[in-house]
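Written below as structure tokens is the structure these notes are about.
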Amino acid sequence: METITTHQHADLHRDDTAAKLGMWLFIFTEILLFGGLFIVYSVYRFKNPVAFELAHEELSITMGFINTIILLVSSATVAISITAMQKNDRKITLAMLGITLLLALVFLINKYFEWGGKFEHGMYPGSELMKNLSNGDMLFFSLYFFMTGLHGVHILIGMILLGITLVKVKTGAVNSGKYALLENSGLYWHLVDLIWIFLFPLFYLIH
Amino acid sequence: MSDEKIHISPYKSHIMVLLGLIVLTVITVLITSVEMGPYNTTAAMIIASIKGAIVLLYFMHLRFDQKIYGIMVAIVVAIFAAVIVVTFFDYLYR
Amino acid sequence: MEEQTEHKYLPNYLEYRGKYKGLAGWLTTTDHKRIGLLYFYSMMVFFLAGVVMGILMKLELISPGEQIMGAQVYNGLFTLHGLTMIFLFVIPGVAAVYGNFFLPILIGAKDVSFPRLNLMSWYLYIIGAIVVLTSQFMGDGPPDTGWTFYAPYSLKTQTNVVAAVTGAFILGFSSILTGLNFIVTMHRLRAPGMGWLRMPLFAWALYGTGWIQLLATPIVGITFLMVIAERLLGIGFFDPAIGGDPILYQHLFWIYSHPAVYIMILPAMGAITEIIPTFARKTIFGYTAIVISSMAIAFVGYFVWGHHMFTSGMSSTSRWVFSLLTFLVAIPSAIKVFNWTATLYKGSINIKTPFLWAICFIFVFMIGGFSGLVLGSLATDIHVHDTAFVVAHFHYIVFGGTGFAFFAALHYWYPKMFAKVYNPKIANLGLFIFFVGFNLLYFPMFYLGMIGMPRRYYDYLPMFHNANILSTIGSWIMATGLLIVIINLVRARRGTGKEVNDPWDGKTLEWTIASPPIVENFEEIPVVDHGPYEY
Ligand code: HEM
Ligand SMILES: [Cu+2]
């Protein structure tokens, strides 16, 4: 492990530590945004234990498992891209960012098919079928669509951030002396992964 | 302007962390397919928390960064946990 | 880095010409002082609109029966009044105006850490306000749920709840980003020598506030999203008819909205804490106690939300737990009052307008606080819940607290912000009338609540008539006082300036720089070698 101390005074207005702290604080906000949903989830699961357990069987563990692995790998690739940047290896950085974006896309495609399958069976927010479900089932699927949907939106935001970073690495605006953007997009991407780590057992693995 | 020490994690450590996370994921899936009553959920949540901690410590670099970030994360998690507990004073005893 | 060899003229923030001039210059500014004023002017507009609504409601309540409006209009009016006052005035309130203007100066910085984000917060504020206001004109009429949007009514009413809730969501983001910005600024930009325990207490208050904004606001944000989803997509979260739990809505709403009262009051307390030592000409009593109580309020304030729900049907265990915790949070608030009064003790008090506002603040804040204990204790709350008593209580705390502190701070920092002096006699007269009116307006409501007058009705039984007349007259007196105060300040703004850099002999950093401050506040970043209030 290498340890380097830097002291740059070239650009007075630039404060990478501030940017990073800002990103962390924003991540806290995001955690509590989902936190509200986790509260709702735990209350309703507590009140409808049987319905939740039965309803979850409609979800495919395989799908959820594959998506979990995809996100874990993409988190690792982002982490690697940062290491590569620190080692001033632009090629690997770019490759890893590209792979991350690709994996994110695959995640969304999977999600599309997963949701699509539900929609085909007439199971979507506001559908007749859903209105006629029993209370516990309805809550389960409402939460399922809402939470995975919001998570999907965060995947999109993360992709946009990583996409911008990728372009800036290409143009050299982000480089081994100035890569706060890469670090912070990376942090955000890990957050998206972190949330999924909890969503997966809560929706797919109820027993 | 940055007065932090830069710690570079080697590629290998990222790969190891990833493998660890995947193994834990497999374990959760296996564990939840065994009948353990209410402990299934407990086990799943404990493993998820371990995975989350690993992501925070290694991928998100808390282990190597200044302590302040770690402290903040701990406080945020503690507040959130306490909010859930206090909410359940209602639902547990209603 | 530039070297300051000879003294050159540095433009102040009001006259500075950036890329654009005039209005465009203001709308594209990233100067924290200008952004503070952008908030100030827009907030005053909303505040005055809210005051007009309040006065109209009081006019309706001057006698039993329909006077100037019927039930539906009244319901729409108290909803809009509450939304305006809460989300557009007191939540951004003191922090957005004086926090923006003075936080960087107080800690010896040139600006906040993220100036452009700061401007964006203001735009989000304006956009949110516009979206809230469109709820009045679009769809099927103004929302009539009250600012609390309680389920299931907010899911069932035909009125335009979605727009109002969307607006509130956007306003929440504005608030979050401001808090984030301030926290980072305090971590990163304190002047050399300004350790954490040398920060002025207003800055500390903003620090605590920032954390609440960051950690509480997203909870209500997601709750509002769920309400929107439920209304638009028909997925049930809170509708009991399809298995939802309306009490859970109340939990989520108050998990934010109780801490939100600390978003309103902490910066207000902070501003008062700046004013008291300056006019007592004495260092603040118990600096560390105030810091700790600020943070304790922020922290314990997280776990008392249930005191709004004693009658909602939640479990009796959580009722006494919340009642107990509520009494705990009263302690740090009381500590502050002791600190202020102890600071005054044996001080050589300089009685000036800001000081008088601060004293009035302490008075009404204490009445609000004591009535809060009545509401926080389980048995008595059952009796006065949802009566005029509650309306009196939160106006004493929120209006009496944040509103009074807002004007105290305005009179305190006015000479610094504009380099103008207002007429102190007229200012004091205005305050006097305002104060009398305020108490006449709200105090009778305590009585009305105790004898059982419910809130949120346009009509009432004849037995409540007398006290209501007093209250309505109070609203006119208060409005007169407010008008005098505002006209006095507007006239001063128009008047000729004076060279006043330190009119009150203050000791914090803002009094060491020019009035109005130059664009980047300091010609040279100061080096701090002592605490904030050394007399
Ligand atoms: C001239 C000043 C004001 C007057 C005359 C006034 C009067 C009133 C009246 C009559 C009500 C309705 C009571 C009811 O029927 O339930 C009300 C509600 C309310 N007011 Fe004010 N008020 C004033 C200023 C303020 C300020 C400065 C704030 C906040 C800082 C505020 C916050 C509220 C809130 C949150 C409600 C509750 C709305 C609801 O029930 O949803 N008011 N006010
Ligand atoms: Cu409260």
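The values are calculated or read from the model by the stated rules, or taken from the named source; none is laboratory data. Predicted model, so just to flag it, every value in this text is computed and none were measured. Every residue, glycine among them, receives a Cβ derived from its backbone with ideal geometry; neighbour counts consider all protein chains shown. The protein model used for the area step is the full one, side chains on, heavy atoms only, and it has no ligands, DNA or RNA in it. Shrake-Rupley method; radii C 1.70, N 1.55, O 1.52, S 1.80 Å.
Of note:
- For C:Ser315: the one exception among (1) of a type in the set (S, T, N, Q); (2) open to solvent by 30 Å² or more (accessible area, probe 1.4 Å); (3) more than 16 Å from ligand 1 (Cβ to nearest atom): (2)
- Meets criteria (exposed (fewer than 13 other Cβ atoms within 10 Å of the Cβ), small (Gly, Ala, Ser) and assigned to a helix (DSSP H, G or I)) for C:Ala95: no
- Residue check for C:Gly167: surrounded by fewer than 18 Cβ atoms within 10 Å (Cβ to Cβ) and of a type outside the set (A, V, I, L, M, F, W, C): no
- When restricted to residues that are buried (at least 17 other Cβ atoms within 10 Å of the Cβ) and facing another protein chain (nearest Cβ under 7 Å), the range B:70-91 contains 10.
- Residue-level check: of (1) part of a loop (DSSP other than H, G, I, E, B); (2) surrounded by 13 or more Cβ atoms within 10 Å (Cβ to Cβ); (3) among the β-branched types (Val, Ile, Thr), C:Ile477 misses just (1).
- Residues in the range C:480-499 that are open to solvent by less than 30 Å² (accessible area, probe 1.4 Å) and of a type in the set (A, V, I, L, M) were compared, and the one that is modelled with the lowest pLDDT is C:Ala492.
- Residue among C:Ile247, C:Ile242, C:Ile276, C:Ile331 that is open to solvent by 10 Å² or more (accessible area, probe 1.4 Å) and modelled with pLDDT of 95 or more: C:Ile247
- Looking across the range B:11-35, the residues that are surrounded by 13 or more Cβ atoms within 10 Å (Cβ to Cβ), of a type outside the set (Val, Ile, Thr) and more than 7 Å from chain A (Cβ to nearest Cβ) come down to B:Ser13, B:Met16, B:Gly20, B:Leu24.
- Filtered by the rule that a residue be more than 12 Å from chain A (Cβ to nearest Cβ) and part of a helix (DSSP H, G or I), the range C:173-206 gives C:Ser174, C:Trp196, C:Leu197, C:Arg198, C:Leu201, C:Phe202, C:Ala203, C:Trp204, C:Ala205, C:Leu206.
- Single unsatisfied condition, C:Gly236 versus (1) open to solvent by less than 10 Å² (accessible area, probe 1.4 Å); (2) outside any loop (DSSP other than H, G, I, E, B); (3) out of contact with any Phe, Trp or Tyr (no Cβ under 9 Å at 6 or more places or on another chain): (2)
- Filter result for C:Ala289 (open to solvent by 10 Å² or more (accessible area, probe 1.4 Å), of a type in the set (Gly, Ala, Ser), without any contact (Cβ under 8 Å) to a residue 40 or more places away in the chain and within 21 Å of C:Gly195 (Cα to Cα)): no
- Here the condition is being out of contact with any strand residue (DSSP E or B) (no Cβ under 6 Å at 6 or more places or on another chain) and free of Cβ contacts under 8 Å to residues at least 12 places away in the same chain; of C:Gly172, C:Gly179, C:Gly195, it holds for C:Gly195 alone.
- Filtered residues of the range B:45-63 (kept if buried (at least 16 other Cβ atoms within 10 Å of the Cβ) and not in a helix (DSSP H, G or I)): B:Met60, B:His61, B:Leu62
- Flag for C:Phe370 being assigned to a helix (DSSP H, G or I) and either within 24 Å of C:Lys58 (Cα to Cα) or in contact with a Leu (Cβ under 6 Å, 6 or more places away or on another chain) (or both): no
- Within the set C:Ile62, C:Ile55, the sole residue that is over 24 Å from the mean Cα position of the chain (by Cα) and not aromatic (Phe, Trp, Tyr) turns out to be C:Ile62.
- Of all residues in the range A:11-46 being closer than 18 Å to C:Ile219 by Cα and of a type in the set (Val, Ile, Thr), the one that is farthest from the other protein chains (Cβ to nearest Cβ): A:Ile27
- Residues being more than 24 Å from the chain's Cα centre (by Cα) and within 19 Å of C:Asp505 (Cβ to Cβ) - total across the range C:410-436: 4
- Only listed residue being surrounded by fewer than 19 Cβ atoms within 10 Å (Cβ to Cβ) and within 23 Å of C:Ser257 (Cβ to Cβ), chosen from C:Ile86, C:Ile126, C:Ile55: C:Ile126
- Residues located in the range C:129-161, provided they are in a loop (DSSP other than H, G, I, E, B), away from ligand 1 (no atom under 16 Å from the Cβ) and open to solvent by 50 Å² or more (accessible area, probe 1.4 Å): C:Phe137, C:Met138, C:Gly139, C:Asp140, C:Gln158
- Residues located in the range A:98-129, provided they are open to solvent by less than 30 Å² (accessible area, probe 1.4 Å) and among the β-branched types (Val, Ile, Thr): A:Thr100
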